[in-house]
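As structure tokens, the structure follows; a few thoughts come after it.
The values are calculated or read from the model by the stated rules, or taken from the named source; none is laboratory data. The shown structure was predicted, so the numbers you read here are calculated from the model rather than taken from an experiment. Cβ sites come from the backbone with ideal geometry, for glycine too, and all protein chains shown count toward neighbours. Side chains included, ligands, DNA and RNA excluded: accessible areas come from the protein's heavy atoms. Shrake-Rupley method; radii C 1.70, N 1.55, O 1.52, S 1.80 Å.
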Amino acid sequence: GIGEPAARPHWNDVSRLLANPRFRLLLVVAPLHWIGCAPYNIFFGIFVRDHHLSQLVVGAALATGVAAEMIVLLFFQRLRRRFDIDTLMAVAFGGTIIRWALMPFAAAMASVITLQLLHALTFAPIWWAGTDLACDLGPTALTPTGPPTPGPTMPARASARGQPANARQERARCAADP
């Protein structure tokens with residue numbers, strides 16, 4: 001439970017995890033997804049400038065995307081109970097593809113800001129589904145080495161205390177999740 005010392009991970013645990021084909025697939029698709037998102041994230045401000053829109057559009061669009069992302073993260077456990085991890089990851093890839101496909105047609109302020117709602121689909125599902133997949137597949141001793149899960153299951157004070165508190169919280173969450 002929370003507050004107990006973690007079991008030390010061993011190389012056997014790591015090799016068992018790396019032997020799992022689903023985990024290896026995660027190690028391939030997650031970077032591919034982020035590679036697909038990176039140019040959008042990097043050049044979004046330039047896109048807005050080149051369309052002669054106010055820089056306030058960048059702030060409004062990013063705030064809209066973050067708000068949408070937080071809503072998805074807030075309800076993610078409900079989504080997770082309803083859909084499997086593979087479906088949620090496919091939604092993330094689909095959101096990225098749709099956002100890229102619609103971007104050339106977004107020239108007005110309203111369309112640029114509205115399109116940023118898709119950030120909720122490009123980030124939240126793959127991040128949390130990837131974390132849950134690693135949690136599901138990983139030996140208990142490796143759980144603390146993963147990233148902490150955000151949202152209602154992670155109090156801010158654990159984040160403020162640093163990685164040891166996050167690791168304890170993550171082990172407890174992995175043990176409690178279905």
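See the values below:
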{"quantity": "Derived scalar couplings ³J(HN,Hα) [the stretch 118-126; Karplus, 6.51 cos²θ - 1.76 cosθ + 1.60; whole Hz; x for Gly, Pro]", "calculated": "5, 4, 4, 8, 7, 9, 4, x, 6"}
{"quantity": "The stretch 69-86 - phi-based ³J(HN,Hα) in whole Hz, Karplus 6.51/-1.76/1.60, Gly and Pro as x", "calculated": "4, 5, 5, 4, 5, 4, 9, 4, 4, 5, 5, 5, 5, 8, 10, 7, 4, 4"}
{"quantity": "Within the accessible area of the stretch 12-56 (1.4 Å probe), percent carbon and sulfur", "calculated": "71"}
{"quantity": "Selection from VAL58, ILE42, PHE23, by position along the positive dipole direction of the stretch 1-116 (Cβ)", "calculated": "PHE23"}
{"quantity": "Spacing of the two label points (7 Å from each Cα toward its C-beta) at VAL29 and PHE83, in nm", "calculated": "1.2"}
{"quantity": "Segment LEU102-HIS51, length gained on full extension (0.36 nm per residue, minus Cα span)", "calculated": "16.9 nm"}
{"quantity": "Pairwise label distance in nanometres, MET109 with ALA67, each label 7 Å out on the Cα-Cβ vector", "calculated": "1.5"}
